[in-house]
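Here you go, one structure.
The values are calculated or read from the model by the stated rules, or taken from the named source; none is laboratory data. This is a predicted model, so every value here is computed, not measured. Cβ atoms come from the backbone with ideal geometry, glycine included; neighbour counts cover every protein chain shown.
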Amino acid sequence: MSKVLVAYFSASGVTAKLAKRLAVSIGADLHEIQPEIPYTDADLDWRDKNSRSSVEMNDKSFRPAVANKVDKIDQYSVIFIAFPIWWYVAPTIMNTFLEQYDLKGKTIIPLATSGSSGMGNTNKELEDSCPGAELKEGKRFSADASEEELKAWAEQFGISLA
């Protein structure tokens, strides 16, 4: 049986709830990706071109520092990465997270929350950050997606642990 991890970044708590429901529904381990400098409400104001999130997302090379790491990442063969959609892609902290590990041979599966945006160019923006991994096509879920819906989606990747 493959060991599965759900790693998530959640600026406002919405994605955290979804990631926890997914982890419970498939019996996966859970890891919160914590920024070294937490985001404030002002940092997240997408209408302000000078807000931290706007500046980070306008510079695709920007890599916000991550404060914590996954212990023994080698034990996981499948890693779901959960995040809010920012500017039609994953926040650049997700690139930072992926780039701090050797993910060769692992399966990476993105899932996201968003008020209305789809996945956009998420995979295109993430693929260079996980060389040698199999990056699957991800999906955006509503914040209130059920455990059953999440489990059914995960099972299409051959995952049924719980």
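Somewhere in the stretch 126-147, is a residue within 17 Å of Val24 (Cβ to Cβ), crowded, with 19+ Cβ neighbours inside 10 Å and over 15 Å from the mean Cα position of the chain (by Cα)?
Step one: list which residues in the stretch 126-147 are within 17 Å of Val24 (Cβ to Cβ), which gives 141, 143-147.
When the remaining residues are screened for being crowded, with 19+ Cβ neighbours inside 10 Å, the result is 141, 145.
Pick out the ones that are also over 15 Å from the mean Cα position of the chain (by Cα) and you get 145.
Yes, the conditions are met somewhere in the stretch 126-147.
Next up: Could you give me the residue pairs with C-beta distances under 8 Å whose first residue belongs to the stretch 121-145 and is without any contact (Cβ under 8 Å) to a residue 40 or more places away in the chain, whose second residue is part of a loop (DSSP other than H, G, I, E, B) and acidic (Asp, Glu) wherever it lies, and which are 6+ apart or on separate chains?
The qualifying pairs are Asn123/Glu137; Gly132/Asp102.
Continuing with this model, one more query. Name the single residue that is modelled with the lowest pLDDT among those in the stretch 1-22 being among the hydrophobic types (A, V, I, L, M, F, W, C) and touching a helix residue (DSSP H, G or I) at 6+ places or on another chain (Cβ under 9 Å). Write out each step before concluding.
From the stretch 1-22, those among the hydrophobic types (A, V, I, L, M, F, W, C) are 1, 4-7, 9, 11, 14, 16, 18-19, 22; that's our starting set.
If we keep only those that are touching a helix residue (DSSP H, G or I) at 6+ places or on another chain (Cβ under 9 Å) as well, we get 4-7, 9, 11, 18, 22.
On the way: Val4: 96, Leu5: 97, Val6: 98, Ala7: 98, Phe9: 98, Ala11: 91, Leu18: 97, Leu22: 97.
Filtering the stretch 1-22 for residues that are among the hydrophobic types (A, V, I, L, M, F, W, C) and touching a helix residue (DSSP H, G or I) at 6+ places or on another chain (Cβ under 9 Å), the one modelled with the lowest pLDDT comes out as Ala11.
If you check Thr113 against the conditions, is it surrounded by 14 or more Cβ atoms within 10 Å (Cβ to Cβ), touching a helix residue (DSSP H, G or I) at 6+ places or on another chain (Cβ under 7 Å) and polar (S, T, N, Q)?
Working: surrounded by 14 or more Cβ atoms within 10 Å (Cβ to Cβ): yes; touching a helix residue (DSSP H, G or I) at 6+ places or on another chain (Cβ under 7 Å): yes; polar (S, T, N, Q): yes.
The answer is yes for Thr113.
Taking the stretch 116-125 as the search range and keeping residues that are of a type in the set (Ser, Thr, Tyr) and surrounded by fewer than 18 Cβ atoms within 10 Å (Cβ to Cβ), which one is farthest from the chain's Cα centre (by Cα)? Outline the logic, then answer.
Start the filter on the stretch 116-125 by keeping residues that are of a type in the set (Ser, Thr, Tyr), which leaves 116-117, 122.
Narrowing the set further to residues that are surrounded by fewer than 18 Cβ atoms within 10 Å (Cβ to Cβ) leaves 116-117.
On the way: Ser116: 17, Ser117: 15 Å.
Only one residue fits best here, namely Ser116.
On to the next question. When only residues in the stretch 87-97 that are of a type outside the set (Val, Ile, Thr) and over 22 Å from Arg21 (Cα atoms) count, which is surrounded by the fewest Cβ atoms within 10 Å (Cβ to Cβ)? Explain how you work it out, then say what you get.
Residues of the stretch 87-97 that are of a type outside the set (Val, Ile, Thr), as a first pass: 87-88, 90-91, 94-95, 97.
Restricting the remaining residues to those that are over 22 Å from Arg21 (Cα atoms) gives 87-88, 95.
On the way: Trp87: 17, Tyr88: 14, Asn95: 21.
Selected residue: Tyr88.
In addition: Quick check on the stretch 45-64. Is at least one of its residues surrounded by 14 or more Cβ atoms within 10 Å (Cβ to Cβ), farther than 22 Å from Lys17 by Cα, out of contact with any strand residue (DSSP E or B) (no Cβ under 7 Å at 6 or more places or on another chain) and of a type in the set (Lys, Arg)?
yes
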